[in-house]
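The values are calculated or read from the model by the stated rules, or taken from the named source; none is laboratory data. Just so we're clear, the structure is a prediction, and the values are computed from it rather than from any experiment. Here the Cβ positions follow ideal geometry from the backbone for every residue, glycine too, while neighbour counts run over all protein chains shown. When the accessible area is computed, the model is the full protein with side chains, heavy atoms only, and any ligands, DNA or RNA have been set aside. Shrake-Rupley method; radii C 1.70, N 1.55, O 1.52, S 1.80 Å.
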Amino acid sequence: MKRILASICMGLVLAAGTGCSMQAVPGSVSNKMSGGFTSEVTMTTGENEVSGTLTRHGSDAWSVVFSAPPALDGVQLDYLDGEVEASYKGLAFSVPQSAQAVRTMLEEMMGIVDDMAQESELDGHHEDDRFICEGEIDEGEYTLTFAEDGTPQSFSLPCYGLTITFNTFTQSGAAPMETTGTTETGETGTSTETTAAASTAASETAAE
C-alpha cells in the first residue's frame, strides 16, 4: 500500500513538473523593433505615470512627445547620437527638471532596443501566450514582453521601479496595431492641445 501511495505521489510531482515546464518554452520571435516604429506608451514608476508618443527613427535616433502629466504635455525630447534636446512647440530649451528621471529611464530602454536591433530574431521563452526576453545591464535586470507575433507589450526595469507599456505599435510604413496594453477607454494618441501648466513650465525652463 505504501509503495502504491509513493508511486501516486511521485506521479503527481512529475505531472506538476511537466506542467510548469510547458509554461516556459524556449524559442524565438521576429524582431519587430529592429527598424523604425512609433508607439503610444505609458511609463509607470511607483505612483507616477507619464504618457506620450515614442518614435524610433533609427539607431541612436529617437524622439518622445509627452501628453501627460499636464506639466509635460506638449514637451518633446529628441535623442540623437547620445545627445538630448528638449523643445515645446518648436521652442528649444534645456530638459526640464520634471522630465530628467523619465529621460534617464527612457535612455536605458533605448540602448537595449538599439543593441537588440542588430538581430532579426529575439531569443527568449514562450509563456502564457506571451514571449519574454530577459537580460541584464549595469543597472540591473530587465524584461521585455512581446505578443506571440513579436509585437512589444511592455518593458520593465525593476531597479528603477519602471514599467513601460506599449499601448499601440506601428512599424515604419505599416498600419498601426493595438497591443494588450491599451488603456481602459481604449483611446490612444498624443494631445494636440497644451495646458496652461505645460506652457508655463516650458516658458520658465526656456527663461533659465
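The selection criterion, being under 19 Å from residue 43 (Cβ atoms), out of contact with any strand residue (DSSP E or B) (no Cβ under 6 Å at 6 or more places or on another chain) and open to solvent by 70 Å² or more (accessible area, probe 1.4 Å), holds for residue 70. Residues in region 127-146 that are open to solvent by 80 Å² or more (accessible area, probe 1.4 Å) and out of contact with any helix residue (DSSP H, G or I) (no Cβ under 9 Å at 6 or more places or on another chain): 129, 130, 134, 136, 138. Restricting the first member to region 69-85 and to residues that are under 14 Å from residue 95 (Cβ atoms), and the second to residues that are polar (S, T, N, Q), the beta-carbon pairs closer than 6 Å and six or more apart or on different chains are 71/98; 76/87; 78/63.
Please tell me if residue 91 is exposed (fewer than 15 other Cβ atoms within 10 Å of the Cβ), on the phi < 0 side of the Ramachandran plot and among the aliphatic types (A, V, I, L, M). Spelling it out, residue 91 is indeed exposed (fewer than 15 other Cβ atoms within 10 Å of the Cβ), on the phi < 0 side of the Ramachandran plot and among the aliphatic types (A, V, I, L, M).
Taking the criterion of being modelled with pLDDT under 95 and more than 13 Å from the chain's Cα centre (by Cα), the only residue of region 104-115 that qualifies is 104. When each of 84, 95 is tested for being outside any strand (DSSP E or B) and farther than 16 Å from residue 37 by Cα, the lone residue that passes is 95. The strands (runs of 3 or more DSSP E) found entirely in region 100-172 that carry 1 or more residues being of a type in the set (Asp, Glu) and out of contact with any His (no Cβ under 8 Å at 6 or more places or on another chain) are 121-127, 130-137, 140-147. When 162, 122 are screened for being modelled with pLDDT of 95 or more and under 22 Å from residue 66 (Cβ atoms), only 162 passes.
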